[in-house]
Amino acid sequence: MSAQILDGKAIAAELRESIRQEVDRQVAAGNSRPGLAVILVGEDPASQVYVRNKKIACEKAGFNDVSEVLPAETTQEEVLALIDKLNADPEVHGIIVQLPVPDHIDPEEIIERIDPCKDVDGFHPYNVGRMATRMPIMAPCTPHGVMTMLSKTGIGLRGLDAVVVGASNIVGVPQLLELLNERATVTICHSATKNLPEKVAQADLVVVGVGIPEMVKGEWIKPGAIVIDVGINRLEDGRLVGDVEFEVAKERASWITPVPGGVGPMTIATLLENTMKAAYKLDCKSK
Ligand code: NDP
């Protein structure tokens, strides 16, 4: 039987609409609109597209977009000074730095300079530590968006055997923590993992974020498993494909995300969600 499709585009649209309505309520109550600052250094074409999409999403959700586009030759000190300015600005509730940054910029130092309460990407070590100690405040957007999607299946995660393929700081590791915090039993795999097909074959839930087109074969998937494909790969013929062999996997899985239209749209919607929380929640005091 063919899997049910987890439609990220529809789930993200629903989330964005609920955010817009909450912003309207807050503004009617006299609060300010959430302000999101996206800092882009240089002219990486893919980054320019992401930043433009974030700008459009901000406008549609009723946020103030206070993005800053800086020339490629901007120095580390200049970026740090901008972060200090944005940290001090009460109308700015979320700050993110679009990665990758030019080689002369140290992204770790930049991220650590962001006020953790405004770190809506959830990359600051403070927020990573909060999540690792089961007290999350700001969760990285892509893995948290995956959790929102999983909630739509109606399947409880407690006790599931989950396999995360890919162990990056922005996808795999925070996904591991999110699933662990929901009491799934999680195995994380990376480039040195042995017998990957066997590990995937044991999973009730597979989340893949590797960046290799269709690396996880459909025949590895346990019948009835949930398959979440974070990968986005552009092939030479222009097609976008994920990291999972979708056509075969969908005949075995119970639920599966398509690419495009799966996890991708959830990332920006979750960024808006984090920014809204930063604007209106009071449980994070600036460090
Ligand atoms: P990275 O390159 O940072 O990390 C890739 C991970 O995959 C690493 O942990 C690496 O292992 C692991 N890996 C590489 N080869 C293998 C292999 N043969 N077997 C098992 N694991 C392997 O990538 P990202 O995490 O940034 O992105 C992964 C994918 O997700 C990309 O396609 C990217 O475009 C997509 N993405 C999608 C987003 C969305 O919004 N949908 C957001 C972010 C990313 P090791 O740690 O050992 O190097």
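The values are calculated or read from the model by the stated rules, or taken from the named source; none is laboratory data. Computed from a predicted structure; not experimentally measured. As a convention, Cβ positions derive from the backbone with ideal geometry for all residues, glycine included, and neighbour counts pool all protein chains shown.
Check D121 against each of (1) away from the ligand (no atom under 15 Å from the Cβ); (2) crowded, with 17+ Cβ neighbours inside 10 Å; (3) among the acidic types (D, E) and name the one condition it does not meet.
Only one criterion in (1) away from the ligand (no atom under 15 Å from the Cβ); (2) crowded, with 17+ Cβ neighbours inside 10 Å; (3) among the acidic types (D, E) is unmet by D121, namely (1).
For P213, indicate whether it is at pLDDT 95 or above, crowded, with 18+ Cβ neighbours inside 10 Å, within 14 Å of the ligand (Cβ to nearest atom) and closer than 25 Å to S2 by Cα.
yes
Kindly provide the set of residues from region 1-21 that are in a helix (DSSP H, G or I) and either of a type in the set (K, R) or at pLDDT below 95 (or both), ordered by number.
Listed by number, the residues that qualify are K9, R16, R20.
Based on what the data block shows, is I170 away from the ligand (no atom under 12 Å from the Cβ), closer than 24 Å to A139 by Cα and in contact with a Ser or Thr (Cβ under 9 Å, 6 or more places away or on another chain)?
no
Within the set of pairs 6+ apart or on separate chains, which have a first residue in region 146-173 that is in a loop (DSSP other than H, G, I, E, B), a second that is hydroxyl-bearing (S, T, Y), and C-beta atoms under 6 Å apart?
So the pair list comes out as V171/T142.
Rundown of residues vs (1) within 16 Å of the ligand (Cβ to nearest atom); (2) in contact with an Asp or Glu (Cβ under 7 Å, 6 or more places away or on another chain), yes/no style:
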| site | (1), (2) |
| --- | --- |
| G224 | no, no |
| D243 | yes, yes |
| K250 | no, no |
| V259 | yes, yes |
| I268 | yes, no |
| E273 | yes, no |
| A278 | no, no |
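Just a yes or no: is a residue in region 183-194 at pLDDT 95 or above, closer than 21 Å to F123 by Cβ and more than 16 Å from the ligand (Cβ to nearest atom)?
no
Of everything in region 181-203, what is touching a Gly at 6+ places or on another chain (Cβ under 9 Å) and under 11 Å from V216 (Cβ atoms)? Give them in sequence order.
Result: C189, single match.
With the requirement that a residue be surrounded by 14 or more Cβ atoms within 10 Å (Cβ to Cβ), more than 14 Å from the ligand (Cβ to nearest atom) and in a loop (DSSP other than H, G, I, E, B), what does region 226-241 give you?
none
Tell me the helices (runs of 4 or more DSSP H) entirely within region 28-124 that contain at least 2 residues that are under 19 Å from G145 (Cβ atoms).
Those helices (runs of 4 or more DSSP H) span 45-61.
Which of the residues spanning region 7-52 are over 30 Å from D103 (Cα atoms), under 16 Å from the mean Cα position of the chain (by Cα) and aliphatic (A, V, I, L, M)?
The answer is I11, A12, A13, L15.
For region 201-210, enumerate the residues that are more than 10 Å from the ligand (Cβ to nearest atom) and not in a strand (DSSP E or B).
A201, Q202, A203, D204
Can you give me the number of residues within region 125-145 that are part of a loop (DSSP other than H, G, I, E, B), in contact (Cβ under 8 Å) with a residue 40 or more places away in the chain and crowded, with 16+ Cβ neighbours inside 10 Å?
Counting residues in region 125-145 that are part of a loop (DSSP other than H, G, I, E, B), in contact (Cβ under 8 Å) with a residue 40 or more places away in the chain and crowded, with 16+ Cβ neighbours inside 10 Å gives 4.
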